1. What is the extension gain from K102 to T340, computed as 0.36 nm multiplied by their sequence separation minus the C-alpha to C-alpha distance, in nm to one decimal?
2. Can you list the aspartates and glutamates whose alpha carbon is less than 14 Å from that of K57, not counting same-chain residues fewer than 8 positions off?
3. When only C-alpha pairs under 8 Å and at least 6 residues apart count, what is the relative contact order of the chain, in percent?
4. Can you tell me the FRET efficiency between I123 and I304 if r is taken as the Cβ-Cβ distance and R0 is 25 Å, rounded to the nearest 0.05?
5. Can you list the lysines whose alpha carbon sits under 26 Å from that of K285, skipping same-chain ones fewer than 8 residues off?
6. Once you've got the GNM for the chain with C-alpha springs shorter than 10 Å, pick whichever of T73, T309, T159 has the biggest mean-square fluctuation.
7. Shape call for region 311-390 from the C-alpha gyration tensor, a ≥ b ≥ c root eigenvalues: rounded (a/c under 1.5), prolate (a/b greater than b/c) or oblate?
8. Suppose we flag trypsin sites (Lys or Arg not before Pro) only when DSSP calls them loop and at most 13 other Cβ atoms lie within 10 Å. Which is the longest uninterrupted stretch of the chain?
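Bear in mind that the values in this text are calculations on the coordinates, not laboratory data. What you see is a predicted model, and the numbers here were worked out from it, not measured in a lab. Positions of Cβ are backbone-derived with ideal geometry, glycine not excepted, and every protein chain shown enters the neighbour counts.
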Amino acid sequence: MSKILVIDDEKAIRNTLKEVLEYEKYEVELAEDGPSGIELFNANTYDIVLCDIKMAKMDGIEVLQKIVEISSTTPVVMISGHGNIDTAVEAIKKGAYDFLEKPLDLNRLLITIRNAMDKSTLITQTQVLRNKVSKMYEMVGESVVINKVKEMIDKVAPTEARVLITGANGTGKELVAHQIHEKSNRAKGPFIEVNCAAIPSELIESELFGHEKGSFTSAIKQHIGKFEQANGGTIFLDEIGDMSLPAQAKVLRALQENKISRVGSDKEIHVNVRIVAATNKNIKKEIENNNFREDLYHRLSVIIIHVPTLNERQEDIPILADHFISLICDEYGMSRKTITPDAIKELQKIEWTGNIREFRNVLERLIILCPNEISGADVLAYSRPVSAGNI
């Protein structure tokens, strides 16, 4: 049942609102003035607050400000018998969800409450999703090498410096990119990921910079590219070592001038993006082989963060195992499984060619195929892909 706090110094209005809202199946608590309303709000959780503006002990706008400081996500609807446009505008600027005049139109009041509840639900759901995403991209481990990566992220993230992330496949380069974005001043902006290796060379310019309708045979409508989509945020160019030389030239221009042009257009579009790039290739060798532009490399590599392989951080395997067991069991909706010390030792003996990605797959396989306790024998039996006939 949704819970509403009513703050009003007129007893008749408080009681009327309580009667109407309880009839609509809301739980209602009353406060006779601003200070007592703030005290109740501090002590309880409410889905919405209805607050009068003109009150003796504390003005409603001041109450609104205090509530917003405590919880910026709780909708506050201001009500007043002395309302005017200036008062309404001030209330909205200070964080109110809406402003209603007395005498209250009960139908409008109920619609406003329902809309505020819907908004509050969406905010809560968005926060839950963000927390899930943050957990998905959490960097797990306490080894010396991974702590150095974390320290570098903390130093670099608040700046606007371009970052080149290097490391083998499966080491978690995308996690580093996400962490840089989440800890930056652009965290509220978009994070746009582009896998340069997955896009055909003839389409990558269109993908990055967009195209105009009719600019080529299959361009049946205008397309907004990744750089424009990332405006105000971060663009992550994964596997940039696989990008074609013509596309590299355009990326270099975007870095130099903060401007792009869609394919088929001469119009320049200003973009404000931070570029984080990643590669599993030796870019200096690619430069020697004329596969990568040296000037672009120097533009991208203001900061270089190298992500270690799992074999270089074996002391993190117990923590990683615990993390993935918890995560995967939650995903499958099953009770959490345990792993024995001898199973950890067997996992530490493995040569992890696929790094964290391979490690997660092995843990998922063990969770599916093993009983509630994963043993060393289980690791030996199932650490490599098995056919149905061998189970």
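1. Additional length available on full extension: 79.0 nm.
2. Output for K57: D8, D9, E10, E32, D33, E39.
3. It rounds to 12 percent for the chain.
4. My answer for the efficiency is 0.05.
5. Hits, sequence-local ones excluded: K148, K173, K250.
6. Highest fluctuation among the options: T73.
7. Taking the square roots of the gyration eigenvalues as a ≥ b ≥ c, region 311-390 is rounded.
8. Within the chain, the longest run free of exposed trypsin sites (Lys or Arg not before Pro) spans 58-187.
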